[in-house]
Amino acid sequence: LNGLSVGSSYALIALGYTMVYGILQMINFAHSEIYMVGAFAAYYAAKIFGLETPSIFNFSIGLMAAILVCAIVGYAVEKFAYKPLRKSDKLNVLITAIGVSILFQFGGQIIFGANPKPFPELIENFEIANYQGIPFRIVDLLIYLVTLISLLVLTFVIYKTQTGRAMRAVSSRPDMAPLMGINNNKIISSTFMIGSMLAGVAAILVATKYPKIDPMMGIKIGTSAFVAAVFGGIGSLTGAVIGGYLLGLSEFYLIGYGGSTYREALSFGLLILILIIKPTGLMGVTLKEKI
């Protein structure tokens, strides 16, 4: 249950990585820090509005605050950090992404403080089932449902709506898409905002299950989510979710068998292994391009 729960969190963040890569062919390394900002947005919303009693309403307010702030931050990062470099060499964009990530990490320590903060109990994490002494709680159910709903909604948007067709057009031929009346800038900004909103959802779910937040909280989960995206086949929405679940389960089975010391190494070990055996990932496909 722990592996599935954490794997769902990896999947939500991996979906953000996958969406940005699918459009711009770049990895937004600041994505994990947007996740961190979402957790602090919900934390301060709870403080400002006095959300002290656990309830569905208070949880919804915290969730909306995380989603809204993450969407704004994601839009700002794309507009001011990545948009000016859109025609630059990919190495410049990569260095900028790493730089933005570091800026958020240490800027967060200045703004929020370096010490961990207890996340408020926005919803009562009560037990809804118990099997042979193993509790199944409401937050676990929320995490599973939100991940599944997010995948279904994203799949519908990308393959069944006009915006989704525009996203696929920009991903395939960004030079020709404007001739079809598509605003590339608008589509790219929308993609960043949607991915960032998913990071905000993951932030409040994880913070509710593990109620401690700090400015460096995005490093571990961001790295694991990136590995999950590559493992599942970066660019594939289904692959991102499958990769998240497999990585989460692998980590907690390793912990269960006494290998908790090697949990961090597992992510990079899987990444190296999948790049050697199947560089496109589990659900990725090799595209042939005429030169």
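The values are calculated or read from the model by the stated rules, or taken from the named source; none is laboratory data. Small disclaimer: the values here were computed from a predicted structure and weren't measured. Neighbour counts are summed over all protein chains in view; Cβ atoms, including those assigned to glycine, are modelled from backbone coordinates with ideal geometry. Protein only, heavy atoms only, side chains kept; ligands, DNA and RNA dropped before computing areas. Shrake-Rupley method; radii C 1.70, N 1.55, O 1.52, S 1.80 Å.
Annotations for the structure displayed:
- The count of lysine pairs in region 81-237 that are at least 8 places apart or cross chains, and whose C-alpha atoms lie under 19 Å apart, stands at 8.
- Principal axis analysis of the Cα atoms in region 137-176 yields extents of 50, 15, 9 Å, listed in decreasing size.
- Estimated Rh, region 1-120: Kirkwood, alpha-carbon pairs, angstrom: 15.8 Å
- Nearest-10 value in Å² for the accessible area of Arg165, using the 1.4 Å probe: 110 Å²
- Couplings 3J(HN,Hα) for region 86-97, derived from phi with the Karplus relation 6.51 cos²θ - 1.76 cosθ + 1.60 (θ = phi - 60°), are 4, 9, 8, 5, 4, 5, 4, 5, 4, 5, 5, 4 Hz, where x marks Gly and Pro.
- The charge dipole of the chain, taken about its Cα centre with unit charges on the Cβ atoms of Lys, Arg (+1), Asp and Glu (-1) only, comes to about 960 debye.
- Listed peptides 18-31, 121-134 appear in the order 18-31, 121-134 once ranked by packing, highest mean of other Cβ atoms within 10 Å at the front.
- Couplings for region 164-177, taken from phi via the Karplus curve 6.51 cos²θ - 1.76 cosθ + 1.60 with θ = phi - 60°, read x, 5, 5, 4, 5, 5, 5, 5, 7, 9, x, 6, 9, 4 Hz in order; Gly and Pro are left as x.
- The mean accessible area for residues of region 182-273, using a 1.4 Å probe and ignoring ligands and nucleic acids, is 39 Å² per residue.
- Taking the chain as a Gaussian network of alpha-carbon nodes connected by springs under 10 Å, the highest mean-square fluctuation of the residues Leu273, Leu198, Leu246 belongs to Leu273.
- Scaling against 2.2 N^0.38 Å puts the C-alpha radius of gyration of the chain at 1.00.
- Kirkwood-Stokes translational diffusion coefficient of region 57-103, alpha-carbon pairs, 20 °C, 1.002 mPa s, µm²/s: 176 µm²/s
- Among Ile95, Phe106, Leu122 - extreme Cα towards positive end, dipole of region 85-158, charges at beta-carbon: Ile95
- Extension gain (nm, one decimal) between Leu275 and Phe80, 0.36 nm per residue minus Cα-Cα: 67.0 nm
- For region 194-291, with +1 on Lys and Arg beta carbons and -1 on Asp and Glu, the positive-most of Tyr262, Phe252, Gly239 along the dipole: Gly239
- Simple label model, 7 Å out from Cα along Cβ direction - Ile138 to Ala114, nm: 3.8 nm
- Applying Stokes-Einstein at 20 °C and 1.002 mPa s to the Kirkwood radius of region 173-291, computed over alpha-carbon pairs, gives a translational diffusion coefficient of 129 µm² s⁻¹.
- Between the helical axis of 2-24 and the longest alpha-carbon principal axis of the chain there is an angle of about 20 degrees.
- Among 97-106, 236-245, the order from most to least packed when residues are scored by Cβ within 10 Å on average: 236-245, 97-106
- Relative to the longest principal axis of the Cα atoms of the chain, the long axis of helix 263-277 makes an angle of roughly 30 degrees.
- Degrees separating the helix 184-209 axis from the principal Cα axis of the chain, which is the longest one: 20 degrees
- Cα-only Debye scattering, region 6-69: base-10 log of I(q)/I(0) at q = 0.18, 0.19 Å⁻¹: -0.73, -0.78
- Measuring nothing but protein heavy atoms, the accessible surface of the chain at 1.4 Å probe radius is 68 percent carbon and sulfur.
- Fluctuation leader among Gly235, Gly164, Gly258 - the chain, Gaussian network, Cα springs under 10 angstrom: Gly258
- Straight-distance crosslink candidates among aspartates and glutamates, where the alpha carbon sits under 14 Å from Lys47 and sequence neighbours closer than 8 are dropped: Glu121
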